[in-house]
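Here's the structure, in structure tokens; my notes come after.
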Amino acid sequence: GVGTAGSPAPAPQTSQEEEDVPKAEALLLEERTRDLQRVQAEYANYRKRADRERLAAGDLAVSRVLTDLLPILDDLDRARAHGDLTGGLKAVADHLESVFGKLGLVSFGEVGDPFDPEIHEAVLHDESDEVTEPTCTTVMRPGYKHNDRLLRAAMVGVSDPAEPVADPAESEDEVAE
């Protein structure tokens, strides 16, 4: 025969290819695990971004509705200024203002505020010895913000500090020099 009965069976030898199979499977598993972690992170980021965009869209919708209702607040302010805001109308006005406050609507523009062209619309202008910087001295219509978004600028009259009158004696000295 081919083999002898008394010789031992050859020891099984593992080839380099057979040793590489578990290493390749481990590398593939690591790669798939990293892929899964990346997809999970991307999905979490997507959900956060979608939530932020949904909230921003809702906030913008509320701002638009509030902007459309500002003329009603102006009417209520005029009625209050003329003493016509009484009884049932006053109760409705108070309730409406309470709801607007809960929605984040904030009124601004007071006499004495420093003039800020970003939030004040100057429609009158004069000079005064009473102020040291451009100052709102009249408020014709309040401004409104909703969650730090400007809905409407305050319509104001602005007073600038009066220019100091130059002493004629000083100006003659300057010319003489």
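The values are calculated or read from the model by the stated rules, or taken from the named source; none is laboratory data. Nothing here was measured: the structure is a model prediction, and the numbers come from that model. Heads up, the Cβs are rebuilt from the backbone with ideal geometry, glycines too, and the neighbour counts pull from every protein chain shown. These accessible areas exclude ligands, DNA and RNA; they are computed on the full protein's heavy atoms, side chains included. Shrake-Rupley method; radii C 1.70, N 1.55, O 1.52, S 1.80 Å.
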Checking 42, 18 in turn, the sole residue that is acidic (Asp, Glu), at pLDDT 90 or above and either over 24 Å from residue 154 (Cα atoms) or open to solvent by 100 Å² or more (accessible area, probe 1.4 Å) (or both) turns out to be 42
Considering residues that are touching a residue at least 12 places away in the same chain (Cβ under 8 Å) and not in a loop (DSSP other than H, G, I, E, B), the number found within region 90-130 is 18
Matching residues in region 112-141 (surrounded by fewer than 17 Cβ atoms within 10 Å (Cβ to Cβ) and within 8 Å of residue 157 (Cβ to Cβ)) number 7
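Test of understanding: among 157, 104, which residue is on the phi < 0 side of the Ramachandran plot, of a type in the set (Gly, Ala, Ser) and either in contact with a Ser or Thr (Cβ under 6 Å, 6 or more places away or on another chain) or at pLDDT 90 or above (or both)? I'd like the intermediate steps shown before the answer.
On the way: 104 fails: on the phi < 0 side of the Ramachandran plot.
Sole residue among the options that is on the phi < 0 side of the Ramachandran plot, of a type in the set (Gly, Ala, Ser) and either in contact with a Ser or Thr (Cβ under 6 Å, 6 or more places away or on another chain) or at pLDDT 90 or above (or both): 157.
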Restricted to region 49-104 and to residues being open to solvent by less than 70 Å² (accessible area, probe 1.4 Å) and acidic (Asp, Glu), the residue nearest to the chain's Cα centre (by Cα) is 59
